[in-house]
Each structure stands twice: as structure tokens, then as C-alpha cells.
């Protein structure tokens, strides 16, 4: 790459956010103030273990907040996107939009 040449939009994609299930988790959480673990699991058709693993990655990155408690006598886990998570999701979407625009502009797909 030469000086002054723009950085390719693919380089702006965040590996933590971009993984398809984690992107799905963040997209679902962006649609609501809070979501239960079971509702998220069912919506994304993931196993408990798979969802837990991805949530751990997102929580460790500060993108998702996990709150455990009870709904009546039944244990429940509630999830929400953090402010940092909302920012990361917006940045990921912006990078994807730039990538799509670049591809459409160059019409490199024949």
C-alpha cells in the first residue's frame, strides 16, 4: 500500500464482533433493553454451551453485560449490550457498509 491510499474497509472489521454468532448476539441485544438467555438462545438456535462460550468472549471484551437472578423461583440470566458494545456494533456495521459500497462501486463481482 502506498502513502495516501485508503485502508481497505475489511481491516476495520473487529474479530471479536464479526464472528457470525457474536454479531447475531449483539444485533439481537441492540433491538431490546434486555434479553433473557433462553430467548436469545432460541432466537439464534444455539445450544446453551455454544451461547455461553460466545457470551463469555463478549463479556470479557466489555461488550455485553450478564446479570443473573430469579424470575419467581426459577433462575434466569439477563443480557444487555453495554455502551461499549453498542459503539462496537455501530463501528462494525459502518465497516461492513464501507465494504459493500466499495464492492458495488468497483463492480468486481461479475
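Observations on the model:
- Odd one out for residue 57, checked against (1) surrounded by 11 or more Cβ atoms within 10 Å (Cβ to Cβ); (2) out of contact with any helix residue (DSSP H, G or I) (no Cβ under 6 Å at 6 or more places or on another chain); (3) modelled with pLDDT under 95: (3)
- Index of the failed condition, residue 70 passing every other in (1) out of contact with any strand residue (DSSP E or B) (no Cβ under 9 Å at 6 or more places or on another chain); (2) more than 19 Å from residue 96 (Cβ to Cβ); (3) not in a loop (DSSP other than H, G, I, E, B): (1)
- Flag for residue 34 being within 24 Å of residue 13 (Cβ to Cβ) and touching a strand residue (DSSP E or B) at 6+ places or on another chain (Cβ under 6 Å): no
- Of residues in the range 60-90 being within 17 Å of residue 31 (Cβ to Cβ) and free of Cβ contacts under 8 Å to residues at least 40 places away in the same chain, the one surrounded by the most Cβ atoms within 10 Å (Cβ to Cβ): 64
- Taking every residue in the range 96-110 that is modelled with pLDDT under 90 and pairing it with any residue that is assigned to a helix (DSSP H, G or I) and loosely packed, with under 11 Cβ neighbours inside 10 Å, at least 6 positions away or on another chain, yields no pair with a Cβ-Cβ distance below 8 Å.
- Scanning the range 27-48 turns up one or more residues that are touching a helix residue (DSSP H, G or I) at 6+ places or on another chain (Cβ under 8 Å) and closer than 16 Å to residue 96 by Cα.
- Subset of the range 28-45 [in a loop (DSSP other than H, G, I, E, B) and farther than 17 Å from residue 76 by Cβ]: 31, 45
- Any chance residue 24 is outside any loop (DSSP other than H, G, I, E, B) and under 18 Å from residue 95 (Cβ atoms): yes
- If you filter the range 73-88 down to residues that are touching a helix residue (DSSP H, G or I) at 6+ places or on another chain (Cβ under 7 Å) and in a strand (DSSP E or B), you find that the one that is farthest from residue 38 (Cα to Cα) is 81.
The values are calculated or read from the model by the stated rules, or taken from the named source; none is laboratory data. These numbers were taken from a predicted model, which means no experiment stands behind them. Don't worry about glycine lacking a Cβ; one is built from the backbone with ideal geometry, like all the others, and counts go over all protein chains shown.
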